[in-house]
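See below for the structure under consideration.
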Amino acid sequence: MCSGRIAILLASPDGRELVINEMSPGDGFGELGLITGQLRSTSAVAREPSEVFAIPRGDFLAVIEARPKLMRRVLETTARRLSVSSERESALAFQNAPARLARVLLQLDRQASADGYITIGQEELAQRVGLVRQTTAIILGKWRRAGWLVTGRGKIVLLNRAALRRQADELGS
């Protein structure tokens, strides 16, 4: 990917979407399709104007077969994504909605801009967590009243990371 920001989405049969990854300049995606030759299992949606380039499968396979270091890098990237996917799957299976939301907010906080806040809308946040926007808004409102965070027009500032870490560690239905 040359420029922009691309969300990788997993869609349910009823139309709900879960953001499973976000690509930035320098990132590659679609490697599983290149390796296996199978159709895509996810969708890619540009979150802002983006420039990407496509690599034909035959060219990709020829290059990685000729360059073992590149093949190793592709395998490492794929393994890392599989590990993250397993963590997300575990969270969806065993954590309640507030725990999943807290986990994602803490991850986004680690990646936040130098401005010190998370830039994300409630709809996109809900997609990352596997919730509907209304549930996300209710939980954020509760945490705002508790003084754990401040929200406003697509921005979130975490004030009580310890409380959010405790929440992220909770299990439940």
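The values are calculated or read from the model by the stated rules, or taken from the named source; none is laboratory data. Just so you know, these numbers come straight off a predicted model, no measurement behind them. Note: ideal-geometry Cβ built from the backbone for every residue, glycine included; neighbour counts use all protein chains shown. With ligands, DNA and RNA removed, areas are computed over all heavy atoms of the protein, side chains included. Shrake-Rupley method; radii C 1.70, N 1.55, O 1.52, S 1.80 Å.
Taking region 47-62 as the range and being in contact with a Leu (Cβ under 6 Å, 6 or more places away or on another chain) and either among the acidic types (Asp, Glu) or open to solvent by less than 80 Å² (accessible area, probe 1.4 Å) (or both) as the test, only Phe60 passes.
Within region 17-62, if we keep just the residues that are modelled with pLDDT of 85 or more and basic (Lys, Arg), the residue that is farthest from Val84 (Cα to Cα) turns out to be Arg57. Before we move on, is Ala162 of a type in the set (A, V, I, L, M, F, W, C), touching a residue at least 40 places away in the same chain (Cβ under 8 Å) and open to solvent by less than 60 Å² (accessible area, probe 1.4 Å)? So Ala162 does not fit the description; no. Going through region 125-151 one residue at a time, which ones are out of contact with any helix residue (DSSP H, G or I) (no Cβ under 8 Å at 6 or more places or on another chain) and at pLDDT below 90? Answer for region 125-151, where residues must be out of contact with any helix residue (DSSP H, G or I) (no Cβ under 8 Å at 6 or more places or on another chain) and at pLDDT below 90: just Gln127. Every listed requirement among (1) open to solvent by 40 Å² or more (accessible area, probe 1.4 Å); (2) under 27 Å from Ala11 (Cβ atoms) is met by Asp169 save one, (2).
Of the residues that make up region 60-81, is at least one under 22 Å from Ala168 (Cβ atoms) and not aromatic (Phe, Trp, Tyr)? Within region 60-81, one or more residues are under 22 Å from Ala168 (Cβ atoms) and not aromatic (Phe, Trp, Tyr). Could you tell me whether Ala44 is in contact with an Asp or Glu (Cβ under 8 Å, 6 or more places away or on another chain), surrounded by 14 or more Cβ atoms within 10 Å (Cβ to Cβ) and not β-branched (Val, Ile, Thr)? Here the answer is no, as Ala44 does not meet what is asked. Name every residue in region 134-153 that is open to solvent by 30 Å² or more (accessible area, probe 1.4 Å) and not hydrophobic (A, V, I, L, M, F, W, C), in order of residue number. Selection gives Gln134, Thr135, Lys142, Arg144, Arg145, Gly147, Thr151, Gly152, Arg153.
Taking each residue of region 115-133 that is free of Cβ contacts under 8 Å to residues at least 12 places away in the same chain and surrounded by 15 or more Cβ atoms within 10 Å (Cβ to Cβ) and looking for partners that are of a type outside the set (A, V, I, L, M) and in a helix (DSSP H, G or I) with beta-carbon atoms closer than 7 Å, six or more apart or interchain, yields Ala126/Arg133; Ala126/Thr136.
For region 63-110, taking the residues that are open to solvent by less than 50 Å² (accessible area, probe 1.4 Å) and more than 22 Å from Leu140 (Cα to Cα), the one that is modelled with the lowest pLDDT is identified as Ser85. Please determine, by comparing only the residues of region 1-22 that are without any contact (Cβ under 8 Å) to a residue 24 or more places away in the chain and open to solvent by less than 70 Å² (accessible area, probe 1.4 Å), which one is nearest to the chain's Cα centre (by Cα). Ranking the candidates gives Ser12 first.
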